[in-house]
Amino acid sequence: MAISATAILHRDLPLASLSSSPSSFSFPSCSDTINSTSPSSLQLPVSHSFLQLHSGFSQRICPKSQRQGLVNCSLKEPLKVMISGAPSSGKGTQCELIVKKFGLVHVSTGDLLRAEVSAGSEIGGKAKEYMENGLLVPDEIVTKILKSRLSQQDVRENGWLLDGYPRNLSQAQSLENMKIRPDICLMLDVPDDILIERCIGRRMDPVTGKIYHLKYFPPEMAEIYDRLIARPDDTEDKVKSRLETYKKNVEAISKTYMDVLHKIDGNHPRDMVFRQIESLLQVQSDKLETRTSDGSRTCILDENASPSMTSARKDKWRGIPTRLNNIPHSREIREYFYEDVLQAIQRALENGRIRLKVENNIPELNPEMDVYRIGTLMELVRTLALSFADDGKRVKVCVQGSMGEGALSGMPLQLAGTRKILEFMDWGEHGALGSFVSIGSIGAKDVNEQDDIFILVSPQNAVGNCIIDDLKAMTDAAGNRPVILVNPRLKDLPSSSGIMQAMGRDKRLKYAASFENGYFFRLLYYAGTQYPIMGALRMSYPYGYELYKRVNEPSGKEKYVIIATFPEKPTSEEINDAFEGKPRNNERSSAGIFGFLKSIF
Ligand code: AP5
């Protein structure tokens with residue numbers, strides 16, 4: 001359904017009829033490492049924002065309008081990207097793809113120097129011997145040619161992609177002195193043995209300048225194959241010495257650019273590596289301010305934009321919201337996460353994914369915390385459901401059914417009363433509930449022909465009852481219609497008295513694995529504590545897992561900085577290594593410093 005351009009923002013409309021809900025709850029912890037429960041208060045957020053539509057069936061939260069209205073950028077500030085990594089880590093290969101997608105000017109000091117050598121210039125004459133022996137060319141030579149290239153108009157207009165500079169502390173300082181700073185520094189991380197294999201097999205086409213690899217990217221035609229040449233510095237001995245030089249200097253680079261550094265796991269196929277890079281650059285590019293023709297900077301806001309979302313995203317949070325240990329969370333923070341989840345799930349559905357899992361463990365949705373707010377879970381579900389309904393889909397929202405009859409009925413504690421709350425909630429005055437949204441119980445009998453999409457709210461087993469049979473029956477009955485599990489808890493769970501539920505384990509895990517992660521968010525803490533926040537792990541379909549570190553700025557403000565990305569969910573050890581700045585091929589330490597509960601990894 002199209003959304004009216006004249007949508008009006010309404011805020012702080014209450015959830016309806018909450019007084020009938022129970023006033024306090026406790027629930028079991030989801031971790032198999034925790035064997036006691038904390039009393040938890042059931043709190044229902046009392047406000048949310050709505051958009052009143054001039055046409056359409058319902059007054060509702062309107063995420064599409066929010067998305068459309070965030071920032072309407074006309075002229076972008078050019079992006080400035082630095083790419084660094086060991087010899088043959090794939091910098092040149094990725095640069096080719098980045099240039100194609102983002103239109104930046106590729107400035108490679110290796111290429112600039114090779115051009116000088118081929119031209120037989122004075123600089124080339126000086127650089128040749130160093131390069132052929134795998135040594136760094138003296139700083140003053142490289143810095144001079146770099147400075148001249150960066151001052152050219154195409155670079156200033158289109159932004160730059162700096163490859164192979166700086167390579168040591170003194171070069172980094174030269175850039176700092178010239179006030180040349182990247183918006184983002186990508187550091188490719190590849191194990192040593194792979195680097196050597198990549199280097200030895202590398203070939204270049206002297207006609208097109210294209211880089212090939214005899215094993216990984218052989219040329220398509222014999223004619224090209226015959227004219228390929230190897231670089232004189234690509235022998236095993238020289239690569240090893242270049243690698244040594246790199247390792248000696250890498251720390252100086254990472255320290256200088258720590259605030260904008262993103263480690264990328266480069267030991268994956270080229271396109272998978274690029275997907276990680278692309279998502280980071282896209283986020284970075286979206287963040288840039290616009291520039292008007294007179295050079296002054298401004299951000300043009302759509303008239304429908306929600307001011308809180310805009311300021312929160314661009315300025316205040318710079319990536320993900322801060323102060324996440326303050327619970328209950330503010331409406332702004334809750335809305336940020338509803339929107340974040342929604343976008344990921346919409347992308348996944350657009351890409352034809354039909355079995356999706358949302359795992360959003362912000363503190364007030366994390367059953368390990370004392371303040372768990374079932375109302376936040378309900379609001380998240382409502383945001384998803386109303387958005388699908390907006391697209392004309394009939395959505396079935398399902399909660400686990402009761403396990404008994406009448407006065408003897410029972411449910412997992414966390415879910416008690418949720419069905420009633422869903423029924424009492426405000427679904428918009430034009431009655432989405434009952435037309436496009438319906439509420440049911442998890443199980444095959446609630447799958448009806450007219451349902452287009454199913455949202456299953458926090459399905460979980462409980463001691464003496466395994467939800468998996470109902471879940472599986474429902475999913476099978478749904479066929480190729482999308483099923484979205486929101487905060488499922490299908491691992492082994494302890495009961496409120498600490499008894500561990502291991503019933504149907506194999507089936508549960510197999511079922512859970514048949515769902516693809518559409519969204520994941522979790523804060524990270526030191527082992528055994530829930531304070532201070534060390535960082536966060538976030539995944540939003542189709543992008544990889546982003547590992548953030550929480551940094552305190554001198555002003556006292558906090559911010560989150562991405563320190564690594566992973567194509568798959570990282571293990572606790574991988575997270576620890578990234579926080580400690582260890583290269584990925586290092587021996588893993590068995591004791592982690594961060595409190596990642598094994599059950600979530
Ligand atoms: P430069 O040309 O910058 O060399 P480098 O940094 O050693 O990097 P490489 O070009 O070897 O590798 P790359 O990371 O670009 O990998 P590529 O994409 O080609 O510098 C050369 C020399 O110039 C230096 O040694 C120094 O003497 C001098 N110099 C330059 N800058 C300087 C500075 N600032 N200061 C002083 N001296 C400086 O990939 C490698 C191979 O792997 C290819 O065959 C490719 O097809 C393959 N490959 C890439 N990605 C993948 C993948 N994902 N999977 C499988 N194969 C892959």
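The values are calculated or read from the model by the stated rules, or taken from the named source; none is laboratory data. Keep in mind that what you see is a predicted model, and the values were worked out from it rather than measured. Every residue, glycine as well, gets a Cβ built from its backbone with ideal geometry; the counts of neighbours run over all protein chains shown. Remember, those area values only see protein heavy atoms, side chains included, never the ligands or the DNA or RNA. Shrake-Rupley method; radii C 1.70, N 1.55, O 1.52, S 1.80 Å.
In the stretch 320-359, which residues are open to solvent by 40 Å² or more (accessible area, probe 1.4 Å), closer than 19 Å to ILE455 by Cα and in contact (Cβ under 8 Å) with a residue 40 or more places away in the chain? Matches in the stretch 320-359: GLN343, ARG347, LEU349, ASN351, ARG353, ILE354, ARG355.
For first residues located in the stretch 239-253 and under 14 Å from GLN171 (Cα atoms), partners that are near the ligand (Cβ under 9 Å from one of its atoms) and polar (S, T, N, Q) and lie 6+ apart or on another chain with Cβ distances below 7 Å form the pairs ASN249/ASN168; ALA252/ASN168; ILE253/SER84.
For the stretch 392-416, give me each residue that is in a loop (DSSP other than H, G, I, E, B), at pLDDT 75 or above and surrounded by 15 or more Cβ atoms within 10 Å (Cβ to Cβ).
Kept after step one, since they are in a loop (DSSP other than H, G, I, E, B), are these residues of the stretch 392-416: 392-394, 400-405, 409-412, 416.
After this cut, where a residue has to be at pLDDT 75 or above as well, the list is 392-394, 400-401.
Within the stretch 392-416, LYS393, ARG394, GLN400, GLY401 qualify.
Applying the condition of being open to solvent by 10 Å² or more (accessible area, probe 1.4 Å) and part of a helix (DSSP H, G or I) to the stretch 508-523 and asking which residue is nearest to PHE566 (Cα to Cα) yields ALA513. Entry remark, the stretch 524-533: residues being touching a Leu at 6+ places or on another chain (Cβ under 9 Å) and open to solvent by 30 Å² or more (accessible area, probe 1.4 Å) number 1 in total. Within the option set SER279, SER285, being open to solvent by less than 60 Å² (accessible area, probe 1.4 Å), away from the ligand (no atom under 11 Å from the Cβ) and touching a Leu at 6+ places or on another chain (Cβ under 7 Å) holds for one residue only, SER285. For the stretch 79-123, residues that are within 12 Å of the ligand (Cβ to nearest atom), among the basic types (Lys, Arg) and either open to solvent by less than 40 Å² (accessible area, probe 1.4 Å) or assigned to a strand (DSSP E or B) (or both) total 1. Counting only helices (runs of 4 or more DSSP H) that sit completely within the stretch 160-245, those holding 1 or more residues that are more than 8 Å from the ligand (Cβ to nearest atom) and within 34 Å of the chain's Cα centre (by Cα) correspond to 169-177, 192-200. Say whether the condition of being in contact (Cβ under 8 Å) with a residue 40 or more places away in the chain, open to solvent by 50 Å² or more (accessible area, probe 1.4 Å), among the basic types (Lys, Arg) and more than 24 Å from ALA115 (Cβ to Cβ) is met by at least one residue in the stretch 153-162. No, the stretch 153-162 contains no residue that is in contact (Cβ under 8 Å) with a residue 40 or more places away in the chain, open to solvent by 50 Å² or more (accessible area, probe 1.4 Å), among the basic types (Lys, Arg) and more than 24 Å from ALA115 (Cβ to Cβ). Residues in the stretch 127-165 that are under 18 Å from ILE184 (Cβ atoms), among the small types (Gly, Ala, Ser) and in contact with a Leu (Cβ under 8 Å, 6 or more places away or on another chain): 1 in all.
Can you go through ALA119, ALA172 and tell me which one is touching a Pro at 6+ places or on another chain (Cβ under 6 Å) and among the aliphatic types (A, V, I, L, M)?
So the residue among ALA119, ALA172 that is touching a Pro at 6+ places or on another chain (Cβ under 6 Å) and among the aliphatic types (A, V, I, L, M) is ALA172.
May I ask you to verify whether ASN366 is crowded, with 18+ Cβ neighbours inside 10 Å and modelled with pLDDT of 80 or more? Judged against the criteria, ASN366 is a match. Scanning the stretch 247-273 for residues that are within 10 Å of the ligand (Cβ to nearest atom), assigned to a helix (DSSP H, G or I) and surrounded by fewer than 21 Cβ atoms within 10 Å (Cβ to Cβ) yields a total of 4. Looking only at the stretch 124-147, residues that are open to solvent by 40 Å² or more (accessible area, probe 1.4 Å), more than 7 Å from the ligand (Cβ to nearest atom) and part of a helix (DSSP H, G or I) come to 8 in all.
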